[in-house]
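K.L.:
Please read through the structure below; I'll follow up with questions.
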Amino acid sequence: MFAKSLSSSKKCDLRHRGISDVGARVLAEELRHQDCLLSLDLRGNSITEVGVLDLCHAVAAHPGQLTEVLLTDKSPASRRLAGRLAATALAAAPHAAARAAAERGLGDEGMEELCPLLPNLGTLTTLGLQHNAIGARGACSLAEALPKMQALRELLLYSNDLGPQGAEAILKALPASVTALDLGSNRLGDEGGVFAADALMSTALVELHLDYNDLGPKTVDALLHSVKETPTLRSLWLHGNPVEE
């Protein structure tokens, strides 16, 4: 049914074809035999979370080279699929890892799919997860993977929704190899800011981003102490916080 369309090019456009969950299941079976397809556009169809789950299971069983599936559905299943595709993108282009997994709408569900696969990418030195709506639950999933990622140098988490709990989980699990950490725009507040300041002393960070986190005087006081005790630190980003005033 879809074999010809999928095998004819690296990008397949199946927008507005009236594909339902039944069609998505057939499509999922075809994907298990595809090795060249890079991008699949399914927007404007009638695929619900049920059909997206079938696609997700197919990609998990046979990732191939598929790194992008565009969907109208924005359910948790679509975020899980995004996590699987992000893993394939990172494996295919580790040199572009600062952007390969960014802006994919992963959410916590996508992180639960992606993070167990991250330790398999042993040569990964940079991981960019910016703009992915990752919350505390997703951060905890990442924290479980981080100790196994001893080659990691840069972890970029700008513009997510980690909150104090998520930031704490990340900082506690941060490998000693990481020298640059971006936690900007993550709703840390002083609770998360103070924890980051205290944790700083047990890291080898050269660069730390805490911009746009509503940090106040408590964080500043904690940072004044910890910066003195962290000789490796060369760059600390605090713009966009009330402390600038």
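The numbers here are math on the coordinates, done by the rules we state, and not lab data. Since the model is a prediction, treat every value here as computed from it, not as a measurement. Don't worry about glycine lacking a Cβ; one is built from the backbone with ideal geometry, like all the others, and counts go over all protein chains shown.
K.L.:
Around K218, what is the net charge, scoring Lys/Arg as +1 and Asp/Glu as -1 over all other residues with Cβ under 9 Å from its Cβ?
P.N.:
Net charge around K218: -3.
K.L.:
Oh, and also: By average Cβ neighbour count within 10 Å, what is the ranking of 179-188, 42-51 from highest down?
P.N.:
Ranked by mean Cβ neighbours within 10 Å, highest first: 179-188, 42-51.
K.L.:
What ranking, highest mean first, results for peptides 70-77, 229-236 when packing means the other Cβ atoms within 10 Å averaged over each residue?
P.N.:
70-77, 229-236
K.L.:
OK, next. Counting only C-alpha contacts under 8 Å and six or more residues apart, can you give the relative contact order of segment 92-244 as a whole percent?
P.N.:
18
K.L.:
For segment 92-244, state what percent of all Cα-Cα pairs lands in each successive 5 Å bin, counting from 0 Å until the bin that includes the largest distance.
P.N.:
All Cα pairs considered, the percentages come to 2, 11, 20, 25, 21, 13, 6, 2, 0.
K.L.:
Semi-axes of the equivalent ellipsoid of segment 6-73: what are they in whole Å, largest first, if each equals the square root of 5 times a C-alpha gyration tensor eigenvalue?
P.N.:
Its equivalent ellipsoid spans semi-axes of 17, 14, 10 Å.
K.L.:
Using packing as a proxy for protection, rank 204-215, 146-157 so that the peptide with the highest average count of other Cβ atoms within 10 Å comes first.
P.N.:
Final packing ranking: 204-215, 146-157.
K.L.:
Now for a separate question. Mind pulling the angle between the C-alpha long axis of helix 21-31 and the longest principal axis of the chain? Nearest 10 degrees, somewhere in 0 to 90.
P.N.:
The angle comes out near 80 degrees.
K.L.:
Compute the acute angle (0 to 90°) between the alpha-carbon long axis of helix 189-200 and the principal axis of greatest extent of the alpha-carbon atoms of the chain; round to the nearest 10°.
P.N.:
Helix 189-200 sits at roughly 80 degrees to that axis.
K.L.:
Related question: Which whole-Hz ³J(HN,Hα) couplings does segment 222-236 yield from phi under the Karplus relation 6.51 cos²θ - 1.76 cosθ + 1.60, θ = phi - 60°, glycine and proline marked x?
P.N.:
5, 5, 4, 6, 5, 4, 5, 9, 10, x, 6, 5, 10, 9, 10
K.L.:
Let me ask something else about it. Quick one: which residues, 5+ away or cross-chain, put their amide H under 5 Å from the amide H of L215? H built at 1.01 Å from N.
P.N.:
For L215, whose amide H was placed from the backbone, the distant partners under 5 Å are V243.
K.L.:
May I ask you to derive the FRET efficiency for H239 and S202 from their Cβ-Cβ distance with R0 = 25 Å, giving the value to the nearest 0.05?
P.N.:
For H239 and S202, the calculated efficiency is 0.50.
K.L.:
From the backbone phi of segment 9-17, what are the Karplus-calculated ³J(HN,Hα) couplings (6.51 cos²θ - 1.76 cosθ + 1.60, θ = phi - 60°) in whole Hz, Gly and Pro given as x?
P.N.:
7, 7, 10, 10, 9, 10, 5, 6, 10
K.L.:
A 28 angstrom limit on the alpha carbon distance is what I want to check against. Which of K148/K218; K11/K74; K172/K218 exceed it?
P.N.:
K148/K218
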